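Structure first, commentary second.
Here, each number is a calculation from the coordinates, and none is a lab measurement. All figures in this text were calculated on a predicted structure; none of them were measured in a lab. Heads up, the Cβs are rebuilt from the backbone with ideal geometry, glycines too, and the neighbour counts pull from every protein chain shown.
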Amino acid sequence: MTQEAASLSEERIAYLERLVHQAKTAAAVFTQYTQEEVDRIVKPMVSAAMEQAQYLARLAIEETKLGVLEDKAIKNMVAAEFVYNYVKDKPTVGVIREFPERGLVEVAEPIGVIFSLTPITNPTATVIFKCIMAIKTRNAMVFSPHPKAWHCCHEAVRIMAETALKHGAPEGVFTCVESSTLADNAYLMHHKDVRLIDATGGPGVVKAAYSSGKPALGVGAGNTPVYLEKTADLDMAVVDIITSKTFDNGTICASEQTVVIDDEIYDRVLKKFAELGTHICNEKEAELLGRTLIDPETGFQRPMAVGQKAVDIARAVGLAVKPDTKLLMAPIHGVGREHPLSVEKLFPLLAVYRAKSVDEALKVCVDVNHLGGLGHTAVVFSRNDEVIRKFSEVINAGRIIVNSPGSIGAIGGIYNDMVPTLSFGCGTGGGNSTTDNVNVYHYLNIKRVARRTQAPMWFRVPNQIYFNMNAVQNLRQFPSRSTIIVTNPVLEQIGHVDVVRRNLPPQTMVHVTVIPEAEPEMKVVMQGLEALQFYKADQIIALGGGSVIDAAKIMKLKYESPEADLDELGAPFLDIRKRVFQYPVEKTNRLRLIAISTTSGTGSEVSPFAVLLDKERGRKITLADYSLSPDVAIVDPQFVLSMPKGLTADTGIDCLTHALEAGVSVYASPYTDANAMQAIRLVFKYLPIAYEHPGDEEARTMMHNAACIAALAFSNASVGVNHALAHAFGARFGIAHGRANALMLPHVIAYNAAVPTKFMPSPHQRAYTAHKKYAMMADLLGLGGDTIAEKVKNLVAATEQLLDRLEVPRSIAELGISKEEFERAVPDLVKIAFDDPSWPTNPRMPLLSELADLFWEAYRGRGTAKAATKAA
Amino acid sequence: MATNSLSFKVSPEGVVPGLKEALAKLNGAQCEVVLDFSSVLRIGPKALRAMESLASAADEKASKVVLRGVNVSVYRVLKLMQLARRFSFLT
């Protein structure tokens, strides 16, 4: 209990408890009501408020001695009719909004008991407004009116409650604290059954609400700056400002406080104000007003003037004005404590400032805005859109009212299409949680029912793929004025470049760029780029393995889009569709990329990936985007007939790993599955033959096709943890990629087939399917087995047998790496593998400890995978 | 130990009288009270007050009040009022 609340008597506490209990009961019962029942209560409440608008206004005037009867009556009517017009067709019970295309439904949940503090300045209108909103949202409300407006508010609550009850609202839905005190407020603000505080009033009340620790809507003071710019419609502006500032004698917190006028129009504008009943003060009069109406101790307005008529204020301070004066206007020359009239004045006195420039005017408006008006309201009169835009940028206000009255404009629904309200959210600038015009949605907990959605998937491949022996002849159909062939020294030596040359259309100017056999470095890419630019190439033919084709992809990227930043484009991403950095769409030059693969494994001839070695920073940049995919792929086995045995094995294993990982990827689809499965079948059948009988043309052809087909799968489904482990291990110990894959492969199959420690979030998959996919692969290979576990075991065994036939090392230990050395390396290997972009599509989310286990299984090698499968 | 049990069918039109009758029976004897709510679609503030009284009486006599067939909307109201924990429920 707070210090204030501690002063309450037991009797008073019991009374407050009764009020809250009544409201709590009503709120609980209210949860059973339908939209129709709610709407049947709201409408007669609005009618009652309209009928009693003048009566309640009169009560408010008599009690508070603030404002204007007619204006208060209008405010009561706006609070009823305008708010009703906005809410009448709005669903507030059950489903309130549906977004079928997004699979989202919003369902309304009432808040329960709302504790509402209402102000002295707009007492009955605020009660009417809040009652209508509370019923519309099935909430119960305990009111604590300002002590000096208690009777009129109590009467407004009575009228609203009786009408609501008569039309079916639960008993106790509105209650009003008798003669409320600060102690009562403190007690109720902290009450466990009060779910929301809606505080409209002075800064103290709002601060108390926000300090209570309860969710709160707090709407307090403003300090509205007005910029009257030289292009404005001056007649309209002057009438609007007078209308607004004199409305209810200036008691609306959104009303204008300081008008900043451009020098060029200053005198004309003041003349117009004077003609329409404004007393323009001289410097001495302004000083008098500042001294008497603003408390020098606090810097705030004195209560004596709030809501009073201009003539009465003038009389009270000894200022001689005409009897029909409706507004006082006093010049100021700055903003802040030393310029008392620059603060909020809830009475018909406007400060006015002469600005020499737009810049000065905006700065003064910012100063006023920051002097107690942050987040509230600001007004600009101008026909210059640039001025309006700039004003909106520099002023922090929830409502920026353009070419219309501030106070009536901010209410919404009269001069503009803002939501009608009697409660202005002031955002964080005003210590509030919202800048909205408070409305029914702030009285609801909105529940979002989010159905599982399946984002559209894709299957993207190069436009043209030519395969089988002599597919290179298809080069003849691609006319080119200037072609660059990128290749490596060996392929040039053995005559492959000549084969390509012979198959190009006549008249093609050909230039050859020979690059080293290793992974491409930036300087190699730049060398190729210079050739492309020098020869003004329109076609690039990449003849080689993965490194050459990757280099050509990057050359093309930089040639077509010189501004492409490879560092940015190589930034890691989780989902290619949501990546931070997008690849350039606009192209400076156009270049056709034809990829002719000379190994059967990487699949770079159709893949959207390229790896660049950044030697200076000792790292690799992995580029991935479908714009990198070659335009044409030529899969001609004549270029792989002479491939050495070791390379045949390594690249073939890489191909198998692509297919196996794409097959169980969380991005796998029926389209990628078809390719992955076919590639697996081809590899198991033809890789041993191609390895053991390198001259077997059929085996070479099928393995070359298998590599491309597997790449079509992983280009769309990506790979998995096997590649992450192999990348880390291969880079650290200088082991060829395919060979590194081979060391991990049986262990990773067993690992993925087991029940995961952590499932990978995968909206594209309906269930964990990796083990079933492996079983399907085993079935496809005819490996036998009655259960899924048996089939997985057989797949692991078949993979081991295949690796044996390929005579690749079967354990890391076999490579001559000592246990001690490996032990030292494992922590780093784990970190690097976990940072690798390959694994996020793995079906099983790897824990760091599991990555370490997999490395150690690969270290020990043969036999470990079999044991793991058995255990699974 | 055998327990006497009294059953009442609460009608939608007479929730409050039904609860009052149950309260009277509970006050008059050491027994378990079973109230059949299956035809009650919603409850109002008066019914809630009657249920609070019934729960208090049951607490005093260390008796049990069982509510049968309470629909989920009514159950939610009892939860919001922290009353659900003071009754037993049978579907």
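Students often forget the sequence filter, so: which lysines lie under 27 Å Cα-Cα from A:Lys326 once same-chain residues fewer than 8 apart are removed?
Here the lysines satisfying the reach criterion relative to A:Lys326 are A:Lys65, A:Lys72, A:Lys75, A:Lys148, A:Lys230, A:Lys245, A:Lys271, A:Lys272, A:Lys284, A:Lys309, A:Lys345.
Mind checking the full-extension length gain between A:Arg476 and A:Leu780? Use 0.36 nm per residue of separation minus the Cα-Cα distance, one decimal, nm.
105.6 nm
How far, in nm, would the chain grow between A:Ser818 and A:Ile414 when pulled straight, counting 0.36 nm per residue and subtracting the alpha carbon separation?
Here the segment from A:Ser818 to A:Ile414 would lengthen by 137.2 nm.
Once both labels are modelled 7 Å past Cα along the beta-carbon direction, what's the A:Asp267-A:Ala571 spacing in nm?
Each label point is offset 7 Å from its Cα along the Cβ direction, giving 5.7 nm.
Taking other Cβ within 10 Å of each residue's Cβ, how do A:Glu70, A:Glu10 sort, fewest first?
A:Glu10, A:Glu70
Output the relative contact order of segment B:5-90, whole-number percent, from Cα pairs under 8 angstrom with separation of 6+ residues.
Normalised by residue count, the contact order of segment B:5-90 is 31 percent.
Starting from the Cα-Cα distance between A:Lys645 and A:Met304, subtract it from 0.36 nm times their residue separation and give me the gain in nm to one decimal.
112.8 nm
Can you compute 3J(HN,Hα) from phi for each residue in segment A:783-795, using the Karplus curve 6.51 cos²θ - 1.76 cosθ + 1.60 with θ = phi - 60°, rounded to whole Hz and x for Gly and Pro?
So the Karplus estimates, Gly and Pro as x, are 7, x, x, 9, 10, 4, 4, 5, 5, 4, 4, 5, 5 Hz.
Relative to the longest principal Cα axis of chain A, at what angle does helix A:737-753 sit, 0 to 90 degrees, rounded to 10?
Result, in degrees: 60.
Which part of segment A:534-566 falls in the paramagnetic zone of A:Asp498, meaning amide N under 19 Å from the point 7 Å along Cα-to-beta-carbon?
Residues A:543-544 qualify, since their backbone N sits under 19 Å from the label point.
Taking amide H atoms as placed 1.01 Å from N in the peptide plane, list the residues 5 or more away in sequence, or in a different chain, whose amide H sits under 5 Å from that of A:Ala542.
It is A:Val486, A:Ile594, A:Ala595, A:Ile596, by chain and number.
Quick one: which residues, 5 or more positions from A:Leu217 or on another chain, have an amide H under 5 Å from its amide H? H modelled 1.01 Å from N in the peptide plane, none for Pro or chain starts.
A:Ile197, A:Asp198, A:Ala199
What percent do you get for the relative contact order of chain A when only Cα pairs under 8 Å and 6+ apart count?
9
Please give the helix A:283-293 orientation as an angle from the longest Cα principal axis of chain A, in degrees from 0 to 90, rounded to the nearest 10.
Here the helix axis deviates by roughly 90 degrees.
Once amide H atoms are built 1.01 Å from N in the peptide plane, which residues 5 or more positions from B:Val34, or in another chain, come under 5 Å H to H?
Counting only residues 5 or more places away or on other chains, the set is B:Leu6, B:Ser7, B:Phe8, B:Val66.
Quick check: pseudo-label points 7 Å beyond the Cα along Cα→Cβ at A:Arg337 and A:Arg40, how many nm apart are they?
Distance between label points: 6.1 nm.
As I understand it, the value is the acute angle between the Cα axis of helix A:522-534 and the longest principal axis of the Cα atoms of chain A; what does it come to in degrees, rounded to 10?
The two axes meet at around 90 degrees.
For the residues A:His764, A:His442, what sequence is obtained by ranking on other C-beta atoms within 10 Å, fewest first?
Ordered from fewest to most neighbouring Cβ atoms within 10 Å, A:His764, A:His442 come out as A:His764, A:His442.
Excluding A:Ala351 itself, what net charge comes from residues whose Cβ is under 10 Å from its Cβ, given Lys and Arg +1 and Asp and Glu -1?
It works out to a net charge of 0.
Taking the Cβ of A:Lys309 as the centre, find all other residues whose Cβ is under 15 Å away and add up their charges (Lys, Arg: +1; Asp, Glu: -1).
Within the 15 Å Cβ shell, the charges total +2.
Kindly put A:Arg460, A:Arg681 in sequence by how many other C-beta atoms sit within 10 Å of each C-beta, fewest to most.
Ordered from fewest to most neighbouring Cβ atoms within 10 Å, A:Arg460, A:Arg681 come out as A:Arg460, A:Arg681.
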